[in-house]
């Protein structure tokens, strides 16, 4: 069983783009091991509230971005619980790979038809 699991949203101020915005990252910590995931969203560093891990302000853009971050956070928790439920080893890399879809088997059209034909042949 894992001893620690923590999430932290933060802004990478070193990567400011041409609009003066910095990317928002999520840091996942499990048993002292750290992994980072980009949220694919940017914000002006002056608007970021690091204590609350959200954007300060009441505009529609701020509310929308804060809602996105909460939804993203919930998706991470759901994936974490899914790994536990499936009795898989929960590590930062396993959680990150499951979130971004790495390692997922992609089914192409020919194997799908082959599988269907094999099942139909067994029925005959």
Self-check item: Selected residue (only one of 42, 29 is over 16 Å from residue 99 (Cβ atoms), modelled with pLDDT of 90 or more and either in a strand (DSSP E or B) or within 15 Å of the chain's Cα centre (by Cα) (or both))
Solution: 42
Quiz item: Is the stretch 99-120 home to any residue that is touching a residue at least 24 places away in the same chain (Cβ under 8 Å) and either assigned to a helix (DSSP H, G or I) or surrounded by 10 or more Cβ atoms within 10 Å (Cβ to Cβ) (or both)?
Solution: yes
Quiz item: If you check residue 90 against the conditions, is it at pLDDT below 90 and either closer than 28 Å to residue 41 by Cβ or not in a loop (DSSP other than H, G, I, E, B) (or both)?
Solution: yes
Quiz item: Can residue 84 be described as touching a helix residue (DSSP H, G or I) at 6+ places or on another chain (Cβ under 7 Å) and either within 20 Å of residue 102 (Cβ to Cβ) or surrounded by fewer than 11 Cβ atoms within 10 Å (Cβ to Cβ) (or both)?
Solution: no
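The values are calculated or read from the model by the stated rules, or taken from the named source; none is laboratory data. Bear in mind the structure is a predicted one, so any value in this text is a computation, not a measurement. Here Cβ is always computed from backbone atoms with ideal geometry, including for glycine, and neighbour counts include all displayed protein chains.
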